[in-house]
Amino acid sequence: MSSRIETHLKRCQPGWSLPGEFYSDLVIYESDLEQVWRRGWLFAGHACEIAQPGDYFTLEVDRDSIIVTRADSGEIHALHNVCRHRGSLICSEPAGHVRRLVCPYHQWTYGLDGKLLACRGMQEDLDKSQFSLQRVELREVEGLIFISLARDPAPFESAQETLAPLLRPQGFRRAKVARAVDYLVQANWKLVWENNRECYHCNVNHPQYIKANFDHFNADDTTPRIKAEMNEVVARSEAKWAATGLAPTHKQAGMTTFPDAERNIWFSANRTPLVEGWVSESMDGQAVAPLMGNYQASDVGTLRMRTLPNFWNHSSCDHAVSTRLLPAGPQRTAIRVWWLVDEKAVEGRDYDLKKLMPFWQLTSEQDWQICERQQRGVNSSAYRPGPYSTFKEYNVDSFVRWYLKVVSDA
Amino acid sequence: MSSRIETHLKRCQPGWSLPGEFYSDLVIYESDLEQVWRRGWLFAGHACEIAQPGDYFTLEVDRDSIIVTRADSGEIHALHNVCRHRGSLICSEPAGHVRRLVCPYHQWTYGLDGKLLACRGMQEDLDKSQFSLQRVELREVEGLIFISLARDPAPFESAQETLAPLLRPQGFRRAKVARAVDYLVQANWKLVWENNRECYHCNVNHPQYIKANFDHFNADDTTPRIKAEMNEVVARSEAKWAATGLAPTHKQAGMTTFPDAERNIWFSANRTPLVEGWVSESMDGQAVAPLMGNYQASDVGTLRMRTLPNFWNHSSCDHAVSTRLLPAGPQRTAIRVWWLVDEKAVEGRDYDLKKLMPFWQLTSEQDWQICERQQRGVNSSAYRPGPYSTFKEYNVDSFVRWYLKVVSDA
Amino acid sequence: MSSRIETHLKRCQPGWSLPGEFYSDLVIYESDLEQVWRRGWLFAGHACEIAQPGDYFTLEVDRDSIIVTRADSGEIHALHNVCRHRGSLICSEPAGHVRRLVCPYHQWTYGLDGKLLACRGMQEDLDKSQFSLQRVELREVEGLIFISLARDPAPFESAQETLAPLLRPQGFRRAKVARAVDYLVQANWKLVWENNRECYHCNVNHPQYIKANFDHFNADDTTPRIKAEMNEVVARSEAKWAATGLAPTHKQAGMTTFPDAERNIWFSANRTPLVEGWVSESMDGQAVAPLMGNYQASDVGTLRMRTLPNFWNHSSCDHAVSTRLLPAGPQRTAIRVWWLVDEKAVEGRDYDLKKLMPFWQLTSEQDWQICERQQRGVNSSAYRPGPYSTFKEYNVDSFVRWYLKVVSDA
């Protein structure tokens, strides 16, 4: 760790927001890339986006471009999108279908697993085995693809074990993307996370979201009547879910102790009830698509997941919404939001984008605006760290502690 | 003062323009922000823009956003536009009307004087008195609002005493903004000032301006006939003004010894005659709006003011034009030009923007183009400081000396 | 040479592409400006663009603007486009016609040779002889203008001697510009050169170019039949050219040993046959304009030139295409492509832009796209230098060796 970063770290105080330079300084941003983004497990996309051998998609982690392919064997690979000859980008499109990865510059040709197959025109003694595309570590959990740019990434097993049973009923492998929307948000990636980690801002900013959910209620402002209603809904839901095999949620309803860098907890998932009468995170609470995965009934609440540093998902019985962050500068985050439905659902017949999308499109865009406004404020020379609410922002503090531990350990 | 700045300062020579790095180097720009912009008195806007309690406007000094409000007491306040909770910008609009300053993120609520009134959701032991919005020093002189970002700003009394009697007859407190235009000029703020501080460039560049004024005539190029005409106009005007109580201008006609960092002179004002037959800085010299302030007749010449680092104003009998500079990068200056008329004047009946605006809109835009062309030239590795005309550019030299003294003193 | 650059240079290996920082690092870019662009001979433009006294054009070498003028004597001058008074740009237009160079700010007036003629308003003791526009070294070779920003540039004689006899028959002095197109390519200038220095990429990327030329055939992939055909065309062409006085090409057909920093070879030219039946680099190989220069017949192949760091030209019997590179940032190159024809040719009667331009417009734009894709790839943290083909990329390696020698010598 550079001593410059160390000086900044000393200025951070538990229970208070980060000093301003953490959201704009180029040296800290480069350190974030190195310590967080090139070491952790990043959500890349959905396996169902590359269902057929030869399908691929690309993603950009700041200036690093990655190709994710499905090989003929059905296996999924992640490869640096950089030709080993003179460094040209190989795939310029966000997604596509190819038989081989052919560099457009001099037609060096790689297999879908990155192996160099041909480089016509090169000297004959060139050892092709030394010029495969650089591999990126990849893990799939029930249809979600995670990659790590690290040579020696942290173990993934614990995440796999925790997430797989919770994810399985949602059927991500048998899903399809109904639509994806890209945003370039003018805010540091950490501001986007801090926003995600509390519902203190929900009451005023998310009129749609709070109609469906309980999480804007906290210990300090929940009336006995609401508290009783919540307890009843939770008890009823958990009993029903246990009966239908959705059991692992039992002990994890509500906000979990995520994240925790000491215990290497960068992932979490839980199932939460929706409010009475709602079966989906849609504008009116009614289902907007056919049941997904293994679900037999619509009363499954929402499955929620989050993995640091770049993913969260809210899934209802009928659709799932994934959000992926990618850093694109000290004050810029590239965000993609996907809406997924069952693979057999047909647009126009089984679902309508106008009904499927608004709940999370509005909620997401409300958050991006908040983050951009906060970025402008923390850029001020007058900004000073402020105190977190112990009732409502303990999870933001957990995120900040996780982040500081990760960059301090480097 | 950093030693890097010191090295640059040593390269500066009296009577010669500044070395190129003063107009583009990021370290010098940051030093300018610190020593000039966060220490001096900045013109913020007009009191008449926030006539009613609850009115506010915002301004940006580089990355610092400031709110100027009128409280219920009628008092004006300037506050950092940064929530004390997590740093969000509070007001995103350039101007508006509110009862309280409510942060859009978590609804922390501040009074119009910046005092924290409510922060629902925070721990009860939070001492609200410690979380007021950070105050910015503010002074009002006859309807002109000045702010200082310094904790311990320079005294303002001398500026107040000098400017108030000269400003009073113009009636800025009883004025209204007819129109304001914003420019983002691709030039360092000092180039904009240097351009303002001489009329050597006027003959060719300002065909409208030189029809109305005398200041493009200098000791070296004024014929005896013109000199006589000027003397006569000045004598006649001063006599008349003395009789009608506009006396303070007597000894200050023409360019004054402004600025002077040794004597802390960063402000100046004077009244100057217009050419024979002109009563207003308009395209044809005729009045374009009703008389302002205390004026009983149109023959009051022009009242001119300037305050460093960011304000000048030319006021005729019928309208006033204010110009405010704000730094927006080493090679960018955000400039606003306001046209003000008497508060009772009605557009369409008493004035017409098409007649009110062109004189100063053309003159201003001619100057911005000059500054942008100069910026491109001084960026060249071949640029070398050149000599100022002792006849025509002594005020530019004064400005440069003022600037160098201010940054050296730091 | 700064020690930081030295560290980078040590990472370079003969036969392998450069490390990524050479294409994006600001310190290396500034070093390139200093060692390559402000020391070498740069192609500026064509003498025929400023045929009349008073004609001028400007060009930008990064942040340095240069004016090239034709004086009343007919002589050509290059001058820094920066007024000696306060540094304003003098000429804002890319080209024009003037009697004197008059600074738009205060009308300091310079001769077309840069001599200060008038500075009305300045003190009388100002020694005008000390305030000429700063001169830029200039050489003309047969209608091609080269400049050097160095105070003490490298000798030009050897380039003059080599290029002049080869250029003469093309008649650049009696040419005219039919059209010029400007591009801002998002790639480091060295990537553009590396692309230019090999035809390994031609087969797939340049369908038009390979129909006309032989240079995509290399030792490793030329069949005996094609080899025999090439030999026959070369022998026949050389015999004919010798007979018509185009002799100097004899020993220089094909790729030459250009460049070579040890022997100070930054220029080269040669004449090459086109394929059977083609007389011009046009879409169908037929002439698209009248014969240029001294040519008596169309069977003259193509005259090709290249000078480092910024020029190449392909000339057919009937038209010539010049390409000029100028650095505009670590990842940006400003490129102009000119199409020239005989000065007496009349558009619409003697040539049609729709037939004249596509061959090189398509080929050029194909290359710019390649370079931009390569820039994105070499920006990746995963990019590593790769091996050059000894069959096809020896000239790229020569370019890289030339570059490294030039920046190491500094």
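A few remarks follow.
- Here the 3J(HN,Hα) profile of region B:3-19, calculated from phi with Karplus coefficients 6.51, -1.76 and 1.60 at θ = phi - 60°, is 5, 5, 5, 4, 4, 5, 4, 5, 7, 8, 10, x, x, 10, 5, 6, x Hz, Gly and Pro shown as x.
- For A:Val288, solvent-accessible area (1.4 Å; no DNA, RNA or ligand), Å²: 20 Å²
- In this simple spin-label model, placing a label point 7 Å from the Cα along the Cα-to-Cβ direction at both A:Ala239 and A:Ser158 gives a separation of 3.6 nm.
- Dipole size of chain B about its Cα centre, with +1 on Lys/Arg Cβ and -1 on Asp/Glu Cβ: approximately 240 debye, rounded to the nearest 20.
- Close amide-amide hydrogen proximity is noted between C:Leu117 and C:Thr109, C:Tyr110, C:Gly111, each under 5 Å apart and 5 or more residues distant or on a separate chain (H modeled in the peptide plane; Pro and chain starts excluded).
- In range of the label at C:Ser129: residues from region C:73-108 whose backbone nitrogen is under 20 Å from the point 7 Å along Cα→Cβ: C:84-85
- Chain C residue nearest the rotation axis toward A, with distance: C:Leu26, 7 (Cβ to axis, whole Å).
- Phi-derived couplings, Karplus 6.51 cos²θ - 1.76 cosθ + 1.60 at θ = phi - 60°, listed residue by residue for region B:270-283: 6, 10, 10, x, 8, 5, 3, x, 9, 10, 7, 7, 10, 4 Hz, with x used for Gly and Pro.
- Position B:Arg179, label points 7 Å along Cα→Cβ, spacing to each other copy in nm (shortest first, one decimal): 4.2, 4.2
- Among C:Ile147, C:Ile210, C:Ile226, the largest mean-square fluctuation in a Gaussian network model of chain C, built with springs joining Cα atoms closer than 10 Å, belongs to C:Ile226.
- Estimated at 0.36 nm per residue, the fully extended path between C:Arg263 and C:Gln369 surpasses their Cα-Cα distance by 34.8 nm.
- Within the accessible area of the protein assembly as shown (1.4 Å probe), percent carbon and sulfur: 50 percent
- Surface exposure of the protein assembly as shown, expressed per residue as accessible area with a 1.4 Å probe, stands at 39 Å².
- Per DSSP, loop GluC sites (Glu not before Pro) in region C:253-346 with at most 16 further Cβ within 10 Å: C:Glu262, C:Glu276, C:Glu343
- GNM top mover of B:Met357, B:Met122, B:Met283 - chain B, alpha-carbon springs below 10 Å: B:Met122
- Total charge dipole magnitude, the protein assembly as shown, about the Cα centre, Cβ charges on Lys, Arg, Asp, Glu only, Debye to nearest 20: 60 debye
- 7 Å along Cα→Cβ, label-point gaps from C:Gly245 to other copies, nm, shortest first: 9.4, 9.4
- Pairs of alpha carbons in the protein assembly as shown separated by more than 55 Å make up 36% of all such pairs.
- Mean Cα-pair separation over length for region B:86-167, i.e. relative contact order, pairs under 8 Å, 6 or more apart, %: 15 percent
- Max mean-square fluctuation residue, GNM over chain B, Cα-Cα springs under 10 Å, options B:Pro14, B:Pro153, B:Pro358: B:Pro14
- Distances in nm from B:Arg263 to the matching label points in the other copies, shortest first (labels 7 Å along Cα to Cβ): 7.3, 7.3
- In this assembly, the C-B interface accounts for approximately 2600 Å² of buried accessible surface in total, computed with a 1.4 Å probe and without ligands, DNA or RNA.
- The calculated FRET efficiency for B:Lys354 paired with A:Glu229, based on their beta-carbon distance and R0 = 56 Å, is about 0.30.
- Its Cα gyration tensor gives region A:1-43 an equivalent ellipsoid; the semi-axes, largest first and in whole Å, are 19, 13, 10.
- Once the C-beta distance of A:Lys10 and A:Glu30 is scaled by a Förster radius of 30 Å, the resulting FRET efficiency is 0.95 to the nearest 0.05.
- Residue-averaged beta-carbon neighbours from other chains (10 angstrom radius) around A:368-374: 4
- In the complete set of protein chains, residue-level accessible area for B:Leu163 is approximately 0 Å², probe 1.4 angstrom.
- Each Cα pair under 8 Å and six or more residues apart adds its sequence gap; the mean of these over the residue count of region C:105-152 is a relative contact order of 25 percent.
- Mean ellipticity per residue at 222 nm, deg cm²/dmol - from DSSP H runs of n ≥ 4 across chain C, formula -39500 (n - 2.57): -7500 deg cm²/dmol
- Restricting region A:78-163 to GluC sites (Glu not before Pro) in coil, as DSSP defines it, with at most 11 other Cβ within 10 Å: A:Glu124
- Entries in A:Lys190/A:Lys211; A:Lys176/A:Lys405; A:Lys128/C:Lys190; B:Lys190/C:Lys128; C:Lys176/C:Lys240 that, when Cα-Cα distance is taken, lie over 30 Å: A:Lys176/A:Lys405
- Compared with the alpha-carbon gap, the fully stretched path from A:Lys211 to A:Lys344 is longer by 44.9 nm at 0.36 nm per residue.
- Long-range amide H partners of B:Ala175 with built H, under 5 Å: B:Glu343
- Relative contact order [Cα under 8 Å, 6+ residues apart], chain A, whole percent: 22 percent
- Its residue count N fixes a reference of 2.2 N^0.38 Å for region B:292-356, and the Cα radius of gyration divided by that reference is 1.34.
- Other-chain or far-sequence residues with amide H under 5 Å of B:Gly45's (modelled H): B:Ile145
The values are calculated or read from the model by the stated rules, or taken from the named source; none is laboratory data. All of these numbers come straight from a predicted model, not from anything done at the bench. So basically every Cβ, Gly included, is an ideal-geometry build from the backbone, and we count neighbours across all protein chains shown. Heavy atoms of the whole protein, side chains included, go into the accessibility calculation; ligands, DNA and RNA do not. Shrake-Rupley method; radii C 1.70, N 1.55, O 1.52, S 1.80 Å.
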